[in-house]
Amino acid sequence: QVQLVESGGGLVQPGGSLRLSCAASGSIFKINGMAWYRQAPGKQRELVAAITSAGSTNYADAVKGRFTISRDNAKNTVYLQMNSLKPEDTAVYSCNADITRRTNWGLSSRDYWGQGTQVTVSS
């Protein structure tokens, strides 16, 4: 099986910074795309940032210039550096990864999700 475990959330004042981490473990053959999503109370889940296995990135307009997504392929880990945080960034942040596993029937790919970590931006 595969697990994604997030860490790094918490309470921060406006203008502050946080760094989220998401580590994948288990019977992994290859990790393809990785991404961070967030969901604020009463709102739909939205894509925050994504990164391909080659390192190409894309960001939601609301976080461009403030957030940076990166990955360490040797550690099967994706990061989200969040700077200049605003109250509207408050949400549960979840990581997502498209992971290929080797099974008895060959290679199999699917999306996996972390459990989510709360980020609260408030004075």
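The values are calculated or read from the model by the stated rules, or taken from the named source; none is laboratory data. All values derive from a computational prediction rather than experimental measurement. Note: ideal-geometry Cβ built from the backbone for every residue, glycine included; neighbour counts use all protein chains shown. Protein only, heavy atoms only, side chains kept; ligands, DNA and RNA dropped before computing areas. Shrake-Rupley method; radii C 1.70, N 1.55, O 1.52, S 1.80 Å.
Data overview
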item: Solvent-accessible area, 1.4 Å probe, carbon plus sulfur percent, for region 33-123; result: 44
item: Additional length obtainable on full extension of the chain from ARG102 to SER70, 0.36 nm per residue less Cα span; result: 9.0 nm
item: Accessible area of region 50-123 divided out per residue, in Å², using a probe of 1.4 angstrom; result: 54
item: Neighbour cut-off at most 16 other Cβ (10 Å), DSSP loop, chymotrypsin sites (Phe, Trp or Tyr not before Pro), region 1-45; result: PHE29
item: Value of Rg to Rh for region 1-42 (Rh from inverse mean 1/r over Cα pairs, i.e. Kirkwood); result: 1.07
item: Cut-off 10 Å between beta-carbons: net charge of the residues surrounding THR52, Lys and Arg +1, Asp and Glu -1; result: 0
item: Inter-label distance for ALA60 and LEU11, nm, one decimal - labels placed 7 Å from Cα along Cα-to-Cβ; result: 2.3
item: For the chain, built as a Gaussian network whose Cα springs stay under 10 Å, the top-fluctuating residue of ALA62, ALA49, ALA24; result: ALA62
item: Region 6-123, Cα convex hull volume normalised per residue, Å³; result: 98
item: Two-site FRET efficiency, SER27 against SER122, from Cβ-Cβ distance with R₀ of 35 Å, rounded to 0.05; result: 0.30
